[in-house]
Structure formats: C-alpha cells, structure tokens
Amino acid sequence: MTPEKLIESLQFRYATKKFDAERKIPAEIWAVLEHSLVLTPSSFGLQPWKFLVIDSPEVRADLSKKSWGQSQVTDASHLVVFTTRTDMTEADVDRLMDSLSSIQSRSPESLSGYRNVITGFAAAMTPEARHGWNMRQTYIALGQFMASAAALGIDTCPLEGLEPAGYDQVLGLVGTGYATSVACAVGYRSAEDKYASTPKARFPLEEIIEHR
C-alpha cells in the first residue's frame with residue numbers, strides 16, 4: 001500500500017449510518033478482518049478480550065432493542081461485539097506465559113521475571129481499575145479493525161450507543177468473566193446514506209500535532 005492509498009482508505013472510512021442490508025461481505029474478506037482482530041496489540045500482550053461475531057438474525061434483533069433501535073445492528077452484513085475481561089488474574093497471566101513458552105520455545109523459568117512484572121502491575125490496581133485497563137485495550141482492537149476494514153473497502157460503524165448490561169444478558173455473558181465494552185457494525189454503505197458524501201470535519205494538522 002502506498003502512502004496515498006492509506007490516506008485514501010482513511011478518507012473513505014466514516015461512521016456508516018445506513019447499510020445495504022442485501023450486500024454481504026465475502027467469506028475470504030471476512031476471514032482477513034477476523035485475523036486483524038487476532039493481531040491486535042495489547043498491554044503486555046495479554047489480549048484481555050473475546051470478539052463475538054453475531055451471526056443469528058434473532059440475536060441481532062434482540063441486541064437492536066438494547067441499542068436504541070439503531071438499524072446498523074440488524075442491517076449490516078456483520079456485527080462484532082467487543083467483550084472485555086472483567087478482571088486480570090494470575091490465571092490470565094499464566095495463560096499468556098503458556099502461550100509464550102509454546103510458540104516462542106521459551107522455558108517457564110526464563111519467563112518468571114516477566115510474569116512477576118505483569119502480576120505486580122495488576123495487583124497494584126483494584127478489580128474495577130483492572131476492568132477499565134482491559135476495556136482500554138479493547139478500543140485498540142476496535143481502531144485496528146476499523147482501519148483494516150477501510151483498507152479493504154469495507155464500511156464500519158462503531159456502536160457505543162448500547163446498553164452493555166443488556167448486551168451481556170442477551171449474549172449470556174453474565175458470570176463468564178467477560179463483559180460488553182463496544183460493538184461494531186460492518187458491511188457496505190447504502191446508496192441512501194447521505195453521510196457517505198459528507199466531508200469530514202477535522203481540525204487542521206497544524207493545530208492538533210506538535211513537534212517538540
């Protein structure tokens with residue numbers, strides 16, 4: 001991708017208000033977008049999330065009721081709910097250590113110092129603070145996902161206008177250690193969406209970027 005193409009894809013992206021309900025994302029493209037979620041960076045590499053792709057029209061209809069009736073929830077080709085670990089326990093850290101040991105062929109002993117750093121960092125926070133920390137990681141995933149979609153010519157709409165507790169109930173998340181943080185509708189814009197041709201209102205680069 002050239003620098004010009006990157007800027008073009010970011011200009012293409014906007015928060016799609018009306019999706020073409022008849023147009024679906026091809027399976028091979030969707031597979032790439034799912035992989036972009038897997039490759040999202042996170043603090044310490046802990047990956048404190050689970051991404052729920054809601055395929056069921058019935059479940060999406062139920063989620064729409066918890067989303068102020070926004071049509072994107074039901075009309076978009078795909079809907080992803082970004083869920084976050086409600087805490088960060090030693091078991092979560094050990095899961096990462098096991099992954100590092102297996103994939104990178106590192107002994108548990110060589111990872112003990114890293115493990116102590118993570119557990120010490122997490123232990124210094126309250127459970128509520130750890131949940132907030134995890135939620136901020138999830139927004140990194142959302143940003144990477146939306147940018148990846150734009151690069152492929154796919155439209156997205158991030159959805160914070162929802163009832164997280166209502167989503168948790170519909171999706172059976174209560175008591176699982178995961179909770180809803182945000183959702184994203186994904187698909188193709190409708191020709192009737194007037195916002196598709198609305199110019200972006202951004203402050204000048206010189207006002208928001210400083211070199212020091």
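The values are calculated or read from the model by the stated rules, or taken from the named source; none is laboratory data. On a predicted model such as this, the values are computed, not experimentally measured, just so you know. Glycine gets a Cβ as well: all are built from the backbone with ideal geometry, and neighbour counts include every protein chain shown.
Quick one: in the range 179-209, of everything that is surrounded by 10 or more Cβ atoms within 10 Å (Cβ to Cβ) and aromatic (Phe, Trp, Tyr), which residue is farthest from the chain's Cα centre (by Cα)?
Here the answer is TYR195.
Could you look through the range 90-111, keep only residues that are modelled with pLDDT of 95 or more and outside any helix (DSSP H, G or I), and pick out the one that is farthest from LYS18 (Cα to Cα)? If you could, list the steps in order and put the result at the bottom.
Residues of the range 90-111 modelled with pLDDT of 95 or more: 90-107, 109-111.
When the remaining residues are screened for being outside any helix (DSSP H, G or I), the result is 104-107.
Values: GLN104: 44, SER105: 48, ARG106: 49, SER107: 51 Å.
Top of the filtered list is SER107.
Go over the candidates LEU111, LEU10 one by one and state the one that is without any contact (Cβ under 8 Å) to a residue 60 or more places away in the chain, over 30 Å from VAL170 (Cβ atoms) and surrounded by 13 or more Cβ atoms within 10 Å (Cβ to Cβ). Before you say what the answer is, go through the steps one by one.
Values: LEU10 fails: without any contact (Cβ under 8 Å) to a residue 60 or more places away in the chain.
The unique qualifying residue is LEU111.
Could you check ALA183 against (1) in contact with a Cys (Cβ under 6 Å, 6 or more places away or on another chain); (2) of a type in the set (A, V, I, L, M); (3) farther than 13 Å from TYR14 by Cα and say which number it fails?
(1)
When the residues of the range 39-79 are narrowed to those that are among the β-branched types (Val, Ile, Thr) and assigned to a helix (DSSP H, G or I), which ends up surrounded by the most Cβ atoms within 10 Å (Cβ to Cβ)?
Going through the range 39-79, the residues among the β-branched types (Val, Ile, Thr) turn out to be 40, 53-54, 59, 73-74.
Narrowing the set further to residues that are assigned to a helix (DSSP H, G or I) leaves 59, 73-74.
Numbers: VAL59: 15, VAL73: 25, THR74: 18.
Checking each candidate, the answer is VAL73.
Which one of ALA196, ALA191, ALA179, ALA185 is assigned to a helix (DSSP H, G or I) and either at pLDDT 95 or above or not charged (D, E, K, R) (or both)?
On the way: ALA191 fails: assigned to a helix (DSSP H, G or I); ALA179 fails: assigned to a helix (DSSP H, G or I); ALA185 fails: assigned to a helix (DSSP H, G or I).
None of the others qualify; the one that does is ALA196.
Would you confirm whether any residue within the range 27-34 is acidic (Asp, Glu), farther than 22 Å from THR74 by Cβ and modelled with pLDDT of 95 or more? So that I can check it myself, show each step before the final result.
If we filter the range 27-34 for residues that are acidic (Asp, Glu), which is where we start, we get 28, 34.
Now restrict to residues that are farther than 22 Å from THR74 by Cβ: 28.
Keeping just the survivors that are modelled with pLDDT of 95 or more gives 28.
Scanning the range 27-34, I find at least one residue that is acidic (Asp, Glu), farther than 22 Å from THR74 by Cβ and modelled with pLDDT of 95 or more, so the answer is yes.
Taking only the range 61-110 into account, find how many residues are among the charged types (D, E, K, R), closer than 30 Å to ILE25 by Cβ and touching a helix residue (DSSP H, G or I) at 6+ places or on another chain (Cβ under 7 Å). Before the answer, list the steps.
We begin by selecting, within the range 61-110, every residue among the charged types (D, E, K, R); these are 62, 65-66, 75, 85, 87, 90, 92, 94-95, 98, 106, 109.
Those left that are additionally closer than 30 Å to ILE25 by Cβ: 62, 65-66, 75, 85.
Those left that are additionally touching a helix residue (DSSP H, G or I) at 6+ places or on another chain (Cβ under 7 Å): 62, 66, 85.
The number of residues fulfilling the criteria is 3.
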